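See structure below.
The values are calculated or read from the model by the stated rules, or taken from the named source; none is laboratory data. These numbers were taken from a predicted model, which means no experiment stands behind them. Cβ placement follows ideal geometry from the backbone for every residue including glycine, while neighbour counts extend to all protein chains displayed. Ligands, DNA and RNA are excluded from the accessible area calculation, which covers all protein heavy atoms including side chains. Shrake-Rupley method; radii C 1.70, N 1.55, O 1.52, S 1.80 Å.
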Amino acid sequence: MNWLIAILQTTLFVVLAPLLAGWIKWCKCRLQNRKAPSLLQPYRDLIKLTNKQPVVAEQASWLFIIAPYIIFSATVLAASVVPLIAVDLPTSASADVIVMVGFFAFARFFLALAGLDIGTAFGGMGSSREMTISSLAEPAMLMAIFTLTMTASTTNLSGAIAHVLNEGMILRPSFVFALFALVLVAIAETGRVPVDNPATHLELTMIHEAMILEYSGRHLALIEWASQLKLMLYGVLIANIFFPWGIAKTLTAEALGYGLLAITGKLVLLAIFLALAETLVAKMRLFRVQEYLSFAYLLGLLGMLSHIILEAAR
Amino acid sequence: MILVLAYCAVLLSFASGLLALLMNQRPVLVKLNEYRFKKFPDSYQFGRSVIEKNLKERRYPHALRRSVFVLLGLSGLFAVLAGLSVLISQDIINDQLSLGLPWLPWHVRFDGLSGFFFLIIGIAVCAVSFYGPGYVSSYKESEHPFAVLGLFTGLFVAGMLLVLLADDAFFFMIAWELMSVASYFLVAFQHENPANRHAAFLYLLMAEVGALAIILGFGVLASFSDGFTFDALRESGLSVTWASIAFVLALLGFGMKAGIVPVHVWLPEAHPVAPSHISALMSGVMLKVALYGLIRFCFDLLGDVHWQWGVVLLILGTFSALGGILYAMMQPNLKRLLAYSSVENIGIIFMVLGLSMIFMANGHPQLAALGFLAAMFHAFNHALFKNLLFLGAGIIQHQTHELNIDLMGGLIKKMPQTSKLFLVGCMSISSLPLFNGFVSEWLAFQTALQVDVLDNGVLRSLIPVSAAALALTAALAAACFVKVFGLIFLGQSRSRHSEKAHEVRDKGMLAGPALLAGLCFFIGIFPGIIIHLINNVSGQLLGQTLPNDTALGWLWLAPVSAEQASYSAPLVLMGALIAGSVCYWFLRRNPLTVMRRAETWDCGFGGLTPRMQYSSSAFTMPIRRIFSKVWIIDEQINKEMQGALDQDVAAVHYQLHIQDHSWPRLYQPIARGVSSLAKQVGRIQTGNIRTYLGYSFVTLIVLLWVIS
């Protein structure tokens, strides 16, 4: 039963991710006084891309061709360990939160290699920037998550969330720091404004788009889908770690339905915040990103320290 | 019986060294063979064809090289067997060899700790012996005699094995020096190049200074005990001050060999200049022997560890890890880069070992065992993947005659096998899940996360900071090895050499790395095997094992407790396979949309050239800019102008020199101090015999006065 729920949750993740992306786009459009595309537009794009014939550069090696599959699978695996509508996931035990960060690293490793594979300046530029940003963002994320795992004294993600849930609503200073750190990291890692702009192909600023410039057809679909999945994953992480209320503790149909409703509501709200922030904030220069990320890193560290110094029982 | 295996390993490596000396003795062997024919015509038929065939002039060097490496490989095999059997049986075997001085027999002890390092050396030596014959065949016999290389390789391996067997300070130092000096000759093997001689001298100098510190460390212990055997040293019962002095000396000595920042400078100089299979052994294995020495000294001989020592190790390790990877990133020379990355990995090991000490001293032996496990596991993993990467670098150098990664590119199509093996190495060292590097990193994080149990406020805030540094190190390592793999194997060829490169023909040169790559993956999926072995070591050494290592069954890794943390690589692998095959199958169904190849998009301008690709310094430019204080950067851009009013740029010359801070800050002052001291001493050397006689006379008088 547990495994069934785990598979169901993962499927929900994969299926709902484009919808979330569509919703963010919709909100942004409305905020910017534009006419919004349908919420289902990301699905249509994905279907269109999968039905197209992919064109691969002559220079590309086998690595370029298998990279999308690896990236997508690694992201799905990362999604499978994050509790979406119910805690007590069996998959969280086989791969804890450090492994989840490892899956992201795995996907990124191959994405960056794929960027370098064609041998164009754009690909190299994207890979270089992506690895720079992620090498600052990944530790910040680990710090934020370690605050949670030390509070719950487990690195098992569903165990940790269950722990926070059982403790009830307590205002922990460490969690405030960790929340801000994780939000900053999430924005950087999913390539949103102000770090990267998913909507442009401007060579001076692009990061993620520069790496995947050579992809087309189903390969591109997989990568796009993976990045939508990643966006949703970060959203769920923020929502369920810091505001876990509503997630199903028991596996009854009622509780699960309630959990689905809760996470939908939380994600809808988060997406509105994201769209609002993207509308209000301008993209920053590439070499300002380090300050932004070291701030996130510092916040994560502060969160961890304030947990150890202020909160942990001796 | 187990000890016999260990002795066999040592003797076989000696034998392989001695056999290599026969390289230039073919005439003697031919004569010997003829003599045998005259004396014993009956037995002559035995093996005649084989011997005669291999004694022919054309075949002889090839056959001898192969047999030398076969002996070396057998030595490695015996080392693995000895290590495994002592680890599984959990015996401690003592022995005495009546070698050396008559009243000082060599004491031998073979226990779990030695056995584990025997295992590491054995695996590495096996891989190298597959690889060696193909690699050394490219050396010209007149310039780089194989006799020298083979002899010192054998002595080097034997020295490392003997260090692990030693049970008294004398024997330990003899074996240690054998290892250091033999490896000096290996570093100086291609001595026609002045840079290599310089590197070798630097290495020898630091090795000897380190050895001096170790001797002093043993001396401190020995002066409080009766005798030089380790048993006597264990009983010395030092006061905290003396124990700390001994610890600092040992840390200096072993740290110099292990390559901890700031005494790491010999490493990036010496490793690139040695032949690749030797740099693989030096980086993968010899650094581990230094680690063994430190563990033996601190955990075993000194007895009670103090948490302050742990803090020292933790801080040094943190700096080494971060510094190592940041310096590694800026190196365009592949082997130099790998050497700096060894500094990083040794730093990680020191960090976790420091955590282990801290937990030990604060009365949490279980967590100490966890830290020890993480450190030993990382040592094992580093030996595997660093060996793999150095051997891969050797193949690349062999095929392209190039070590500068800015002049490579596109090798994935020209060297498909090598590229796959190298990719496994890169993925392991970047600690990606499913590979072995990840498991030890995971264990290290789990150890650091247990900081809650400590009472000391300083430690409680220090350890999270170092965990943060560890996370940063891991992420930077991934960036570094994306650069390495991407620039060497992907993209278009940046030079003629790499354009013309092709896969190595010698199967052995691929078999060695393949063995290591297979182990990297296998250990990544089934880490329980090695963890079980290390548990036996920590049971002997710390008196504490991890109780829960098999709490959830053999598929699982749950070092602390099943509730706190668990990782099951086989299940993850299964999930990955399912996810991968589902999306592949789902997308491959439609035959109408098979891939089409087309020209690379060139923005409509046409003429993409390899020079338009990102180079190594371009790739690391953002990181260089962010962490600019870490290096001494000398960047020069000169533009040549032309045309009316000098407004058009004709050519741009870009120069970049990046230097380690430790040279101007630490070593050059020392070097200046030594030379000015030498000048002062030089003043009393007048070169006049009468003055010297006067000195002797005065010395004699003073000495007479002192004794009377």
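Data overview
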{"quantity": "Spans of helices (runs of 4 or more DSSP H) in the stretch A:1-117 with at least 1 residues within 21 Å of B:Ala475 (Cβ to Cβ) and in contact with a Gly (Cβ under 6 Å, 6 or more places away or on another chain)", "calculated": "A:62-80, A:97-117"}
{"quantity": "Yes/no for A:Gly300 being out of contact with any Lys or Arg (no Cβ under 6 Å at 6 or more places or on another chain), among the small types (Gly, Ala, Ser) and within 14 Å of chain B (Cβ to nearest Cβ)", "calculated": "yes"}
{"quantity": "Of the criteria (1) closer than 30 Å to A:Leu8 by Cα; (2) under 19 Å from the mean Cα position of the chain (by Cα), which one A:Glu278 fails", "calculated": "(1)"}
{"quantity": "Test: B:Tyr667 is surrounded by 10 or more Cβ atoms within 10 Å (Cβ to Cβ), free of Cβ contacts under 8 Å to residues at least 24 places away in the same chain, assigned to a helix (DSSP H, G or I) and not assigned by TED's automatic domain parsing to the domain that holds B:Arg336", "calculated": "no"}
{"quantity": "Qualifying residues in the stretch B:650-664 (those that are outside any strand (DSSP E or B) and touching a strand residue (DSSP E or B) at 6+ places or on another chain (Cβ under 9 Å)) - the one surrounded by the most Cβ atoms within 10 Å (Cβ to Cβ)", "calculated": "B:Asp660"}
{"quantity": "Residue tally, condition surrounded by 13 or more Cβ atoms within 10 Å (Cβ to Cβ) and either free of Cβ contacts under 8 Å to residues at least 12 places away in the same chain or within 22 Å of the chain's Cα centre (by Cα) (or both), over the stretch A:31-46", "calculated": "8"}
{"quantity": "Some residue of the stretch B:235-253 being closer than 19 Å to B:Lys386 by Cβ, surrounded by 21 or more Cβ atoms within 10 Å (Cβ to Cβ) and of a type outside the set (A, V, I, L, M, F, W, C)", "calculated": "no"}
{"quantity": "Lone unmet requirement of (1) more than 22 Å from A:Tyr69 (Cα to Cα); (2) within 16 Å of the chain's Cα centre (by Cα); (3) open to solvent by 10 Å² or more (accessible area, probe 1.4 Å); (4) within 7 Å of chain B (Cβ to nearest Cβ) for A:Phe106", "calculated": "(1)"}
{"quantity": "Test result for A:Ser92, closer than 29 Å to A:Leu148 by Cα and surrounded by 19 or more Cβ atoms within 10 Å (Cβ to Cβ)", "calculated": "yes"}
{"quantity": "Condition check for A:Val55: surrounded by 20 or more Cβ atoms within 10 Å (Cβ to Cβ), closer than 30 Å to A:Asp117 by Cα and among the β-branched types (Val, Ile, Thr)", "calculated": "no"}
{"quantity": "Qualifying residue in the stretch B:227-234 (condition: under 28 Å from B:Met23 (Cβ atoms), outside any helix (DSSP H, G or I) and either within 18 Å of the chain's Cα centre (by Cα) or not hydroxyl-bearing (Ser, Thr, Tyr) (or both))", "calculated": "no"}
{"quantity": "The one condition in (1) without any contact (Cβ under 8 Å) to a residue 40 or more places away in the chain; (2) under 19 Å from the mean Cα position of the chain (by Cα) that B:Ser341 fails to fulfil", "calculated": "(1)"}
{"quantity": "Given (1) modelled with pLDDT of 90 or more; (2) open to solvent by 20 Å² or more (accessible area, probe 1.4 Å), index of the condition A:Met169 fails", "calculated": "(1)"}
{"quantity": "Qualifying helices (runs of 4 or more DSSP H) (wholly inside the stretch B:467-583; at least 1 residues being aliphatic (A, V, I, L, M))", "calculated": "B:507-525, B:528-541"}
{"quantity": "Restricting the stretch A:117-131 to residues that are on the phi < 0 side of the Ramachandran plot and open to solvent by less than 10 Å² (accessible area, probe 1.4 Å), the residue that is farthest from the other protein chains (Cβ to nearest Cβ)", "calculated": "A:Gly126"}
{"quantity": "Options B:Ala79, B:Ala63: the member that is aliphatic (A, V, I, L, M), under 29 Å from B:Asp506 (Cβ atoms) and modelled with pLDDT of 90 or more", "calculated": "B:Ala79"}
{"quantity": "Selection from the stretch B:329-350 of residues that are hydrophobic (A, V, I, L, M, F, W, C) and closer than 14 Å to B:Phe390 by Cα", "calculated": "B:Leu334, B:Leu337, B:Leu338, B:Ala339"}
{"quantity": "Flag if A:Ala67 is more than 9 Å from every other protein chain (Cβ to nearest Cβ), in contact with a helix residue (DSSP H, G or I) (Cβ under 6 Å, 6 or more places away or on another chain) and open to solvent by less than 10 Å² (accessible area, probe 1.4 Å)", "calculated": "yes"}
{"quantity": "Qualifying residue in the stretch A:246-253 (condition: within 11 Å of another protein chain (Cβ to nearest Cβ) and either outside any helix (DSSP H, G or I) or at pLDDT below 90 (or both))", "calculated": "no"}
{"quantity": "Residue within the stretch A:216-229 that is open to solvent by 40 Å² or more (accessible area, probe 1.4 Å), assigned to a helix (DSSP H, G or I) and within 12 Å of chain B (Cβ to nearest Cβ) present", "calculated": "yes"}
{"quantity": "B:Phe605 out of contact with any Asp or Glu (no Cβ under 7 Å at 6 or more places or on another chain), at pLDDT 85 or above and within 14 Å of chain A (Cβ to nearest Cβ)", "calculated": "no"}
{"quantity": "In the stretch B:327-347, the residues that are open to solvent by 10 Å² or more (accessible area, probe 1.4 Å) and hydrophobic (A, V, I, L, M, F, W, C)", "calculated": "B:Met330"}
{"quantity": "Residue within the stretch A:15-30 that is in contact with a Phe, Trp or Tyr (Cβ under 6 Å, 6 or more places away or on another chain), more than 14 Å from chain B (Cβ to nearest Cβ) and buried (at least 22 other Cβ atoms within 10 Å of the Cβ) present", "calculated": "yes"}
{"quantity": "Selected residue [within 30 Å of B:Asn536 (Cα to Cα), surrounded by 17 or more Cβ atoms within 10 Å (Cβ to Cβ) and in contact (Cβ under 8 Å) with a residue 40 or more places away in the chain] from B:Val128, B:Val136", "calculated": "B:Val128"}
{"quantity": "Residue count for the stretch A:289-304, restricted to those that are under 22 Å from A:Thr149 (Cβ atoms) and open to solvent by less than 10 Å² (accessible area, probe 1.4 Å)", "calculated": "5"}
{"quantity": "Whichever residue in the stretch B:618-637 is touching a residue at least 24 places away in the same chain (Cβ under 8 Å) and facing chain A (nearest Cβ under 7 Å) and, among such residues, is nearest to B:Gly486 (Cα to Cα)", "calculated": "B:Phe619"}
{"quantity": "Residues within the stretch B:209-234 that are under 24 Å from B:Lys257 (Cβ atoms), without any contact (Cβ under 8 Å) to a residue 60 or more places away in the chain, of a type in the set (A, V, I, L, M) and open to solvent by less than 40 Å² (accessible area, probe 1.4 Å), tallied", "calculated": "4"}
